[in-house]
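Written out below as structure tokens is the structure these notes cover.
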Protein chains: 2
Amino acid sequence: MMRETQLIQKIRKVSGAASGSLILGIGDDAAILRPDAREDLVFTSDLLLEDRHFTREIYSPGDIGHKALARSLSDLAAMGAEPVFCLVSLGVPADLAGAWVTRFYRGLLALAKKYKLTLAGGDLARFEKIIMDVTCCGRVPRGKALLRSAAKSGDSIYVTGKLGKDWRRNRRPEPRIAAGIQLRRLGVRAAMDLSDGLSLDLQRLCVESQVGAEITANLSQEALHGGEDYELLFTAPPALKLPARAGDVPIVPIGKITSRHKGRVLLHGQPLKPKGYDHFSTGVL
Amino acid sequence: MMRETQLIQKIRKVSGAASGSLILGIGDDAAILRPDAREDLVFTSDLLLEDRHFTREIYSPGDIGHKALARSLSDLAAMGAEPVFCLVSLGVPADLAGAWVTRFYRGLLALAKKYKLTLAGGDLARFEKIIMDVTCCGRVPRGKALLRSAAKSGDSIYVTGKLGKDWRRNRRPEPRIAAGIQLRRLGVRAAMDLSDGLSLDLQRLCVESQVGAEITANLSQEALHGGEDYELLFTAPPALKLPARAGDVPIVPIGKITSRHKGRVLLHGQPLKPKGYDHFSTGVL
């Protein structure tokens, strides 16, 4: 078992130095970012809890590190943002304080490196279960963040990639960062990430945009209601020319935004009851 | 028991609207901040875990909300920063999802209101114990953040307020935000918050600044080693004129920074073994 100070020194060593707009990383009371006035900054936090979102039996320490960061990066992708830094708060049983924690950070930092974001700080505590909260900061040009509230009547509705994936086989989901940035550059304004199932998430987008949605594509039950897809849901005027792929994933049209039945989703003309994953009233395992 | 969507709507309602530089709060995949190029932004995250940092028997839901935010605000105070926003990630047992969560947020938001920071987002999950992670963002004029690494040989060492408080009697500690901002404006450059005990925290400051420290004040064992004080430790050249109080707390000189015995603390000429609170290898309860 290592002491906190030793463990932090170790994490600090592997996390690399502050660079770019992040002028101070791990080692002080707080990290420091020197912002660029031409940009907006976006912030999101995501919990990942043992026996709630993962088990030690199925997920390796590296898988858990990857997934904890991927969940938060998926939110940055949904804003069309470029990742800047993350803060990682980790609670672990004392007997995992050595090798397990190292392998956890290795998984997390491999993904961080891929998307060029820095581990800038966080917290560390002993706890009876493995729990973590990852906060990510991203940047977008001023006023260009993709919003849940920006869908307009007449927009086409799209998703990236394949919905209804089996998350048990997908222990290291890839956040759609490249797709989000590309869509934002193409002029897309409305998006969110699909983490709790299309039927529930599309309804949330409709509520925020005060519009309705009609799904016309033929989608499986898994695609309609399965959670943990980490794909992007977005809308765009039909006049906006979109390529067949964004980032390295296909763009699939699935329906239309309407001004009728606000806050509701229809599937082939029939009301679609949201059955997606509610983090509070249902369990994932 | 409430569903996640209802609970989030409720939190969103009590948290108030985004304002100032925070242009989008709760309700999208991420919060959006429009930064000011004359400022640096500082970020910190702090875990607060049931039966580790608090028990439900001793702490009311409002106390827990207060304390979760106060820990993170204490880090902003240590940077001399003005609070901007916070993200709150909360895991709670399903049977607490109604009244308990409301009272928790009421305690947290009362403190947030006092320091004019907005609850901008976070996460919510069902979990067997109460766990939370609070991320705070603050702002300082460019290059003016107080640093652990800025102490210089010859500086006097000070603390704010009274050390060695009994944290069991101090369930709603006051973060030293006003003191931190005032000290920064007076020209102080080196500070940290005292959360793990003076003997351990002063040693950390010495390591970061590559200096030594000599305590000459007569301090009790509680003042030397007790944790959870949430006071500020800072250093300044003797030539810098300081008032008797910063914010609404006294400033107390306790010793000198030296170029000798780097990374070590002496008490009346004898090495002082750091005995403060290590979050990893010892328990608080």
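The values are calculated or read from the model by the stated rules, or taken from the named source; none is laboratory data. Treat the numbers as computed from the prediction; the structure is a model and nothing was measured. Every residue, glycine among them, receives a Cβ derived from its backbone with ideal geometry; neighbour counts consider all protein chains shown. These accessible areas exclude ligands, DNA and RNA; they are computed on the full protein's heavy atoms, side chains included. Shrake-Rupley method; radii C 1.70, N 1.55, O 1.52, S 1.80 Å.
State which residue is surrounded by the fewest Cβ atoms within 10 Å (Cβ to Cβ) when the search covers only region B:219-236 and only residues that are farther than 22 Å from B:His53 by Cβ and modelled with pLDDT of 95 or more.
Looking at the filtered set, the residue picked out is B:Ala236.
Out of (1) within 14 Å of chain B (Cβ to nearest Cβ); (2) farther than 26 Å from A:Asp51 by Cα; (3) open to solvent by 10 Å² or more (accessible area, probe 1.4 Å); (4) touching a helix residue (DSSP H, G or I) at 6+ places or on another chain (Cβ under 7 Å), what's the single condition that is false for A:Leu146?
Result: A:Leu146 passes all but (3).
What is the one condition in (1) facing chain A (nearest Cβ under 8 Å); (2) within 25 Å of B:Ile181 (Cβ to Cβ); (3) open to solvent by 10 Å² or more (accessible area, probe 1.4 Å) that B:Gly138 does not satisfy?
Just one mismatch for B:Gly138, condition (3).
Quick check on region B:149-163: of everything there that is more than 9 Å from every other protein chain (Cβ to nearest Cβ) and surrounded by fewer than 17 Cβ atoms within 10 Å (Cβ to Cβ), which residue is nearest to the chain's Cα centre (by Cα)?
Of everything passing the filter in region B:149-163, B:Lys162 is nearest to the chain's Cα centre (by Cα).
From the list A:Leu232, A:Leu183, exactly one residue is within 14 Å of chain B (Cβ to nearest Cβ), outside any strand (DSSP E or B) and closer than 30 Å to B:Pro35 by Cα. Which is it?
The unique qualifying residue is A:Leu183.
For region B:4-35, what are the residues that are open to solvent by 40 Å² or more (accessible area, probe 1.4 Å), under 24 Å from A:Ser195 (Cα atoms) and more than 8 Å from chain A (Cβ to nearest Cβ)?
Answer for region B:4-35, where residues must be open to solvent by 40 Å² or more (accessible area, probe 1.4 Å), under 24 Å from A:Ser195 (Cα atoms) and more than 8 Å from chain A (Cβ to nearest Cβ): B:Gln6, B:Ile8, B:Gln9, B:Lys10, B:Arg12, B:Lys13.
Determine, yes or no, whether A:Arg38 is in contact (Cβ under 8 Å) with a residue 40 or more places away in the chain, within 8 Å of another protein chain (Cβ to nearest Cβ) and surrounded by fewer than 20 Cβ atoms within 10 Å (Cβ to Cβ).
It is false that A:Arg38 is in contact (Cβ under 8 Å) with a residue 40 or more places away in the chain, within 8 Å of another protein chain (Cβ to nearest Cβ) and surrounded by fewer than 20 Cβ atoms within 10 Å (Cβ to Cβ).
Identify all residues within region A:41-58 that are of a type in the set (D, E, K, R), within 8 Å of chain B (Cβ to nearest Cβ) and in a strand (DSSP E or B); write none if there are none.
Passing the criteria: only A:Asp46.
On the basis of being more than 12 Å from A:Gly138 (Cα to Cα) and within 20 Å of the chain's Cα centre (by Cα), does A:Phe43 make the cut?
Answer is no for this residue.
So which residues in region B:116-129 are away from chain A (no Cβ under 11 Å) and open to solvent by less than 40 Å² (accessible area, probe 1.4 Å), if there are any at all?
B:Leu117, B:Thr118, B:Leu119
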